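The structure appears below as C-alpha cells.
The values are calculated or read from the model by the stated rules, or taken from the named source; none is laboratory data. Everything numeric here is computed off the predicted structure, so don't read it as measured data. No Cβ is skipped: glycine too gets one built from the backbone with ideal geometry, and neighbour counts run over all protein chains shown.
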Amino acid sequence: MRIVIAEDDALLREGLTLLLTARGFDLVAAVPTPEEFLAAVAEHRPDIAVVDVRMPPTFTDEGIRAAVQARRLHPPLAVLVLSAYVEQSFAADLLADGVGGIGYLLKERVGRLQEFLDALHRVVAGGTAIDPEVVAQLFTHQRAIDVMRPLSPREREVLALMAEGLGNTAIAERLFVTDKAVHKHIRNIFLKFDLHPTDQTDRRVAAVLRYLDSRTPSRS
Amino acid sequence: MERLAGGLGTSLLALFTSAGLTVVAVASLAGVGLLLLPFMLSLVRLVAERERGRLNRWQYQVISPYADTRPTGWAARLRAAASDPATWRDLRWLASHASLGLLLGLAGVVLPIIAVRDASFPLWWWLLPIEEAGASLGFPVRTWPAVLAVSLMGISWAAILIGLGPAMARLQALPGVRLLRPHPSADLSQRIAQLTVTRASALQAHAAELRRIERALHDGTQNRIIGVAVLLGVARDAVVRDPASAEAALERAQSAAEQALGELRTVIRGILPPVLEERGLAGALTSLAADCLVPCEVTVTELGHLPVAVETTAYFIAAEALTNTARHSRATTAAVSVNRVGDLLSVHVRDDGIGGAAVSAGSGLTGIRRRVEAHDGTITLTSPIGGPTVLEVELPCAS
C-alpha cells in the first residue's frame, strides 16, 4: 500500500512515519504543507493520503480543501483525514461526492494501532471510517434527529456503526446479534432512506452521507 | 497658595492664548487669520488640557470631553471644532481664566510677599532713606507707631491669605471645573458612546485572548499529547515485534510529554501568571525586571488591595512594554513605576532607547491599548525619534 502523509506537526509526522514503516507500508512521502502534499500526490499517485485538517498558512481547514482537490484531480484516491477535534462539516465535505474511500479520525486514534490500520485498509478498499466521536455528536443534533426519526433505535445503532465504517460481521459482533439480523436492519435503513441500488454510489456511503449532511442545513 | 500659583501659570498661558486668539480673530476678519484658526484652536485645547491636568491633580476629576480621533484637513478640523460644544466652553473658560483667574493667581503670589514685607517692616524700615519708607499700599511712613501699624497690616494680610486663600483657590478653579468638564448632557451621551467603544474593544480583546489561548493549546500542548499517544502506540507495537526498538519510541514519547507540560505551563502563565498570585504585583514586576534583557529598575509604592483584573492588566502592560523595550528600543536602562492615587493606578514604563514607538504600528502596544480601554483607563505614549520612550497608563481601580 503506497501512502502519502500531509502533517505539519513534525513530531506527529515522525510518529506516523515510524509506525507505518515498521508495519511495512510503502510510505512514499511525508510533507508539512498542502502545496507539497498536492505535488507529492501528483508525483507518486499513492493508494491513500493521510491528511491533517489544520495546516499552514491559516491553520483552519487547508487539509480538507487539499484532500478534496486531490480526490478530484486523482480519482479514486482514498483519503484518511486526521483531526485534533471533531467537526462534522469536514466529514460531510469529504463524503459529498458520494464515493467511498474516505476516513475521518481523531488524531489520537493513531495510537490504537490495530484500529488505525483497520481503518486504513477499509478506506483503501473504498469504505468509510468515521470517528465514533463524530458519529456520537451527530446524534445529538436536531436535524439529525429529524432525519433519523423513521429509523428504529436498533437501526440507528446500526447506522452509527456503519458510519464508523464497520462491516456487517463487525457490527453484528458489536451489537451481539447475528449477521442476518444486521443485514435485515441495513436493508430497512436503505428502504426508509429511499436508497436504491445503483452503479454510481455506494449505498452504505450514501446512508452515512444522508445523516452527515443532515447536520449542515445549507449544504446541497 | 501653591494652587493659586499653579493657577497663575495656566492663567498666564490663557492670557497669552487669548491675546493670540484675538489677534488671529481680528486677522480672520481680513481673511488671512483663517489659516491660523485651527492652529489657535489646538492651542486653546492644549491650554485647556493643561488646566484639566492641574485640576485633576487637585482632585477635581475633570474628564476631557474630546473624542480621541481628530479629523485631518483644515476645513474638517474647523468644522469639527465649531460643532463641538466643548470648543465653545473652552473659549468661555479661556476668557474667565485669563481675567479672574489671573487676578486671583496674582493675589495668591503677591499677598504672601507683601504680608512678609509688611510684617517684618519694623526690622528694616530704618535702613531705608526716610523719603522712601512706606507700606506696601504705598502711603509713606515716618513714625514708630505708623511702622507698627504697617507691621499689623502685614499680619492682617497673612490672616486674609490664610482665611480667604482656600476660597480664592476654589473660586479660581470654579470656571474650569464647570466649563472644562463635558457638558452635562454631552457628558452622558458621550460617556455612553465611549463605553460602547470600550466595551466593544473589551470584547474584541477578550476574543483575541481566547483565540490566542486556543491556538497555543491546540498547536502546542494538544499536538504534543497526540504525539505521546501515537508514540506509545508505536512502542506497544514494537514491544511485540521488536522489543529493542521500543525503548527509542518510549524515550521519544516521554520527551514529548515533557514538552507538552512545558508548553502547558507557558499557556497558563499567559492566562494568569502564577507569580502574580504568589508574590503580588510588586514581586511579579520585580521578577519580570530581573528577566528583562535591559537593566530595569522597579518602583512600586503602597498599592493597597487591587482587583485581580487590574493587577493582571498592569502586569501584562509592564511585560509587553519591557518586551518592546528589549526588542526594539536598543535602550541601556529601563524603569517601571507603579503608583496608586485614590482610585487610580498608574503604570509608567520608560526606557532610554531610540524612541519612535507608535500605538498604531500594530505592535504589542495595540494589545496594551485594548487592555487599557477594557478597563476604561487612559494610555499616553511619548516616544520621539531618538527617545526616550515613556508609556503612561492609568487604570481605575476602585475595589
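Just one of B:Ala260, B:Ala208, B:Ala249, B:Ala235 is small (Gly, Ala, Ser), touching a residue at least 12 places away in the same chain (Cβ under 8 Å) and away from chain A (no Cβ under 14 Å); which is it?
B:Ala208
Quick one: which of B:Ala318, B:Ala290 is out of contact with any helix residue (DSSP H, G or I) (no Cβ under 8 Å at 6 or more places or on another chain) and either part of a helix (DSSP H, G or I) or buried (at least 18 other Cβ atoms within 10 Å of the Cβ) (or both)?
Of the residues listed, the single one that is out of contact with any helix residue (DSSP H, G or I) (no Cβ under 8 Å at 6 or more places or on another chain) and either part of a helix (DSSP H, G or I) or buried (at least 18 other Cβ atoms within 10 Å of the Cβ) (or both) is B:Ala290.
Does B:Leu250 meet the test of being out of contact with any helix residue (DSSP H, G or I) (no Cβ under 8 Å at 6 or more places or on another chain), assigned to a helix (DSSP H, G or I) and not β-branched (Val, Ile, Thr)?
It is false that B:Leu250 is out of contact with any helix residue (DSSP H, G or I) (no Cβ under 8 Å at 6 or more places or on another chain), assigned to a helix (DSSP H, G or I) and not β-branched (Val, Ile, Thr).
For region A:6-49, name all the residues that are more than 12 Å from chain B (Cβ to nearest Cβ), touching a residue at least 12 places away in the same chain (Cβ under 8 Å) and of a type in the set (A, V, I, L, M).
A:Ala6, A:Leu27, A:Val28, A:Ala29, A:Ala30, A:Val31, A:Leu38, A:Ala40, A:Val41, A:Ala42, A:Ile48, A:Ala49
Looking at B:Val240 and the list (1) within 14 Å of chain A (Cβ to nearest Cβ); (2) surrounded by 13 or more Cβ atoms within 10 Å (Cβ to Cβ), which single condition is not satisfied?
Only one criterion is unmet by B:Val240, namely (2).
Kindly establish whether B:Gln222 is modelled with pLDDT under 85 and of a type in the set (S, T, N, Q).
So B:Gln222 fails the test.
Residues checked against (1) among the polar types (S, T, N, Q); (2) more than 9 Å from chain A (Cβ to nearest Cβ); (3) farther than 30 Å from B:Thr301 by Cα; (4) assigned to a helix (DSSP H, G or I):
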| position | (1), (2), (3), (4) |
| --- | --- |
| B:Ile225 | no, no, yes, yes |
| B:Ser245 | yes, no, yes, yes |
| B:Ser255 | yes, yes, yes, yes |
| B:Leu264 | no, yes, yes, yes |
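Pairs under 6 Å by beta carbon, first residue within 12 Å of A:Pro34 (Cα to Cα) in region A:56-75, partner among the β-branched types (Val, Ile, Thr) and assigned to a helix (DSSP H, G or I), six or more apart or different chains?
Every condition considered, the pairs that remain are A:Ala70/A:Val41.
Suppose we filter B:Ala216, B:Ala202 for residues that are in contact (Cβ under 8 Å) with a residue 24 or more places away in the chain, surrounded by 14 or more Cβ atoms within 10 Å (Cβ to Cβ), touching a helix residue (DSSP H, G or I) at 6+ places or on another chain (Cβ under 6 Å) and within 14 Å of another protein chain (Cβ to nearest Cβ); which single one remains?
None of the others qualify; the one that does is B:Ala216.
Restricting attention to region B:92-101, does a residue exist that is under 22 Å from B:Gly165 (Cβ atoms), without any contact (Cβ under 8 Å) to a residue 60 or more places away in the chain, not hydrophobic (A, V, I, L, M, F, W, C) and not in a helix (DSSP H, G or I)?
no
Hey, could you check region A:114-138 for residues that are surrounded by 19 or more Cβ atoms within 10 Å (Cβ to Cβ) and within 14 Å of another protein chain (Cβ to nearest Cβ) and say which is nearest to A:Arg156 (Cα to Cα)?
Among them, the one singled out is A:Asp131.
Being farther than 22 Å from B:Glu214 by Cβ, touching an Asp or Glu at 6+ places or on another chain (Cβ under 6 Å) and either among the aliphatic types (A, V, I, L, M) or surrounded by 14 or more Cβ atoms within 10 Å (Cβ to Cβ) (or both) is the requirement here; does B:Thr325 meet it?
Yes: the conditions hold for B:Thr325.
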